[in-house]
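Notes follow once the structure below has been shown.
The values are calculated or read from the model by the stated rules, or taken from the named source; none is laboratory data. A quick note: this is a predicted structure, and the numbers were derived from the prediction, not measured. So basically every Cβ, Gly included, is an ideal-geometry build from the backbone, and we count neighbours across all protein chains shown.
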Amino acid sequence: MKWSGYKNLEEIDEHDDAELDSLKKRVLFAGIVILFFATIIVGRLWFLQIHKGDEYKNRAENNRVRMREVAAPRGSIKDKMGREMVTNRPSFNVVLVREDSNNIDELLKKLATALDLDISDLWEQLRDAGNKPKHIPVRLMEDVDWETLAYVENHNQEFPGIRIEVIPSRVYHYGNLAAHVIGYLGEISKKELAARDTAIYTGGDLIGKMGVERLREADLRGGKGSSSSEVNARGFEQQLLRSIEPLPGNEIQLTLDAELQKVAEDLMAAGGKAGAVVAMEVKTGRMLVLASSPVLPIDQFVGGISHKNWNALLDNPKHPLINKVVQAMYPPASVYKMITAMTGLVAGVIDKDTVYYCPGHFYFGKRRYHCWKRSGHGAVNLTRAIAESCDVYFYQVGLRVGVDKLAEMANKFGLGHKSGIEMEHEKKGLTPTEEWKKKRHKEKWQDGETLSVAIGQGFNLVTPLQVCLMTATIANGGKQYQPQLIEKVTDPDGNVLFQFEPVLLEELTKGEKKFLPLIRTGMEEVVQGQRGTARQIRIKGLTISGKTGTAQVVRLKQHQHLKEEDIPYKFRDHAWFTCYAPAEDPEIAVTVLVEHGLHGSAVAAPVARAILGSYFAEHLALAAEAEAEAEENKEKGE
């Protein structure tokens, strides 16, 4: 029995060892599994707290603290007298912070009703902002009225995620005045944003799209501010934590005279005239008037122009989208005759006493070239040729000097090249030469073409600004100043960052200058002479020198028998008038171009007269007062 028990004990020991080995294996496996999952958990914790710690910390902070950019007030724009042309006012916009709204579809349905908008328009705004982080506000409606603002604010619990954003908005105190010069703002495009400094610009920012607003964006934009606010779980602000005030943009003072600009634009708008008016100080290059007609409707561009309005502007036959001051080119017609006269004088082919006979036409080869006055001017010297704009006289001068010398002289007066004025897309015009035609048309220059160029027709093309620059150069004694429209730039602290200074581009030689008095005498006779082509615009007490011009657009045989007013608008001649005053000591040059206006003396010259009358109003009033006093004293003496 004892032996049997001992044997059973051995069996038990063997059995226990097997179970122990199995238990050890199970414990080891469990330990490996636990270690595996522990490693995963520790790795995940490391990933979340160490590797991604800053990111999730920021996310958590953003759930509590909301950071916002604060738009800077753009710098104001004033005229030369300090009159405010463009300033700012607060604009209230409805924006959506998407991360604060759980049911955007339901929200937009309610909001569309409250704002009286189509829900598809709201969805379009959200789709455009699809790539933006959800905490960045999406602008749904701009510049809401007080009634809408009050409703949204009073019912804000019904619109989770909807906030009111206050940003500065532009105020154009003179409406569309000088619209082509000042320009307008618009939301920055993706293309513009890609080309800009992302530290300065973000999606949704307003940026200058045209004119001074675009060209002087760096001056006007200012520096953004920021604010930090604590928000609750629904995104509503609880308290302001930190605020950095924005830095306003710099103030820009233009050389333009707003009142003079208004006179010009009102006169061009009367009767629906299309064209341009330019006025400048002849001794400095300051631009006083830069009017393009029809004016650009700035109000349609604010907030984005509709397709309907854009197409209407594109289809308008008077082309309001073009800044006709610098972007449109026209044959200069008879205002070019001063260039022809100067070329002849400098070349020595004419002098003040040279006389040509005008029977009303001029034969060259087998062709007959007419003078505008079919009955002829008779024997004509230089002064009378300019005063009465005799074509036959200038035909013969042009032939004697040739097209290349005409082009050379034209360049000295600012024609044929850009002036460098701070305006977009300035055209350089065209002063043809023999070499130009050979390159452009692969043909030899014909002498008959010189006849057309000599009277400002043919291939000749100029901008209204160039004609005004030419006129100013004649008036001031041969100095070509760069046209400028910025008088001063001032920072928010009143420090002057830029101050206007005249820039001399070119000056005639002493030998050339000596002939200018002859040209000026002829131009004075245009207005003050008994037979001058613009004698009807005289102003008592002011001596005006000028030149009229009628630029031929196209001559079609089917219109030759029609009265001028019966010719279709697009086939009528353009009307020019350019002048300066006072003749004895010139201060201002004025150029007017009326598209399809037929005659400069009848249509363009009266516009210039009104501008001169306004500019010299104080001088004329004093002169009239002095005359009245002298008359009174004379009567008392008698």
Check your understanding: Of all residues in the stretch 565-607 being at pLDDT below 85 and assigned to a helix (DSSP H, G or I), which is farthest from the chain's Cα centre (by Cα)?
Key -> Asp566
Practice item. Could you pull out every one of the helices (runs of 4 or more DSSP H) wholly within the stretch 87-206 that has 1 or more residues that are of a type in the set (Ser, Thr, Tyr)? Key: 104-115, 119-128, 146-154
Review point. Does the stretch 475-493 hold any residues that are of a type in the set (S, T, N, Q), assigned to a loop (DSSP other than H, G, I, E, B) and buried (at least 20 other Cβ atoms within 10 Å of the Cβ), and which are they?
Key: Asn476
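Considering only helices (runs of 4 or more DSSP H) fully contained in the stretch 373-437, which possess at least 2 residues that are among the hydrophobic types (A, V, I, L, M, F, W, C) and over 30 Å from Ala279 (Cβ atoms)? Step through it out loud before you land on a result.
Details: elements: 382-388, 391-401, 403-412.
In the stretch 373-437, the matching helices (runs of 4 or more DSSP H) lie at 391-401.
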Review point. Which numbered condition trips up Tyr357, out of (1) in a strand (DSSP E or B); (2) aromatic (Phe, Trp, Tyr); (3) within 24 Å of Phe577 (Cα to Cα)?
Key: (3)
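Among the candidates Gly208, Gly223, which residue alone is touching a Leu at 6+ places or on another chain (Cβ under 7 Å), of a type in the set (Gly, Ala, Ser), modelled with pLDDT of 85 or more and closer than 20 Å to Arg139 by Cα? Explain how you work it out, then say what you get.
Numbers: Gly223 fails: closer than 20 Å to Arg139 by Cα.
Step by step, each of Gly208, Gly223 is checked, and only Gly208 is touching a Leu at 6+ places or on another chain (Cβ under 7 Å), of a type in the set (Gly, Ala, Ser), modelled with pLDDT of 85 or more and closer than 20 Å to Arg139 by Cα.
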**Study point:** Residue check for Gly402: touching a Ser or Thr at 6+ places or on another chain (Cβ under 8 Å), touching a residue at least 24 places away in the same chain (Cβ under 8 Å) and crowded, with 21+ Cβ neighbours inside 10 Å
**Key:** no
Point to revise | Checklist (1) under 18 Å from Ala472 (Cβ atoms); (2) crowded, with 23+ Cβ neighbours inside 10 Å applied to Glu587, failing item | key: (2)
Check your understanding: What do you reckon, is Glu388 of a type in the set (Asp, Glu) and at pLDDT below 95?
Key -> yes
Revision key, fill the gap. Reported set for the stretch 262-305 where residues are surrounded by fewer than 19 Cβ atoms within 10 Å (Cβ to Cβ) and within 25 Å of His599 (Cβ to Cβ) is Asp266, Ala269, Ala270, Gly271, Gly272, Val295
Check your understanding: Somewhere in the stretch 454-463, is a residue among the polar types (S, T, N, Q), surrounded by fewer than 15 Cβ atoms within 10 Å (Cβ to Cβ) and at pLDDT below 95?
Key -> no
Check your understanding: When you scan the stretch 297-353, how many residues do you find that are of a type outside the set (Val, Ile, Thr) and not in a loop (DSSP other than H, G, I, E, B)?
Key -> 23
Exercise for review: Answer yes or no: is there a residue in the stretch 318-341 that is at pLDDT below 95, under 16 Å from the mean Cα position of the chain (by Cα) and not aliphatic (A, V, I, L, M).
Suggested key: yes
Exercise for review: Filter the stretch 245-261 down to the residues that are touching a strand residue (DSSP E or B) at 6+ places or on another chain (Cβ under 7 Å) and assigned to a loop (DSSP other than H, G, I, E, B), then identify the one that is surrounded by the fewest Cβ atoms within 10 Å (Cβ to Cβ).
Suggested key: Glu245
Point to revise | Every pair of residues 6+ apart whose Cβ atoms lie under 8 Å, when the first sits in the stretch 420-438 and is in contact (Cβ under 8 Å) with a residue 24 or more places away in the chain while the second is of a type in the set (Lys, Arg) and surrounded by 20 or more Cβ atoms within 10 Å (Cβ to Cβ) | key: none
Review point. In this structure, does Thr533 turn out to be in contact with a Ser or Thr (Cβ under 9 Å, 6 or more places away or on another chain), assigned to a strand (DSSP E or B) and at pLDDT below 95?
Key: no
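Only residues that are in contact (Cβ under 8 Å) with a residue 60 or more places away in the chain and surrounded by 15 or more Cβ atoms within 10 Å (Cβ to Cβ): list them for the stretch 157-172, please. Quick ask: steps written out before the conclusion?
Of all residues in the stretch 157-172, those in contact (Cβ under 8 Å) with a residue 60 or more places away in the chain come to 160-172.
Result: Pro160, Gly161, Ile162, Arg163, Glu165, Ile167, Pro168, Ser169, Arg170, Tyr172.
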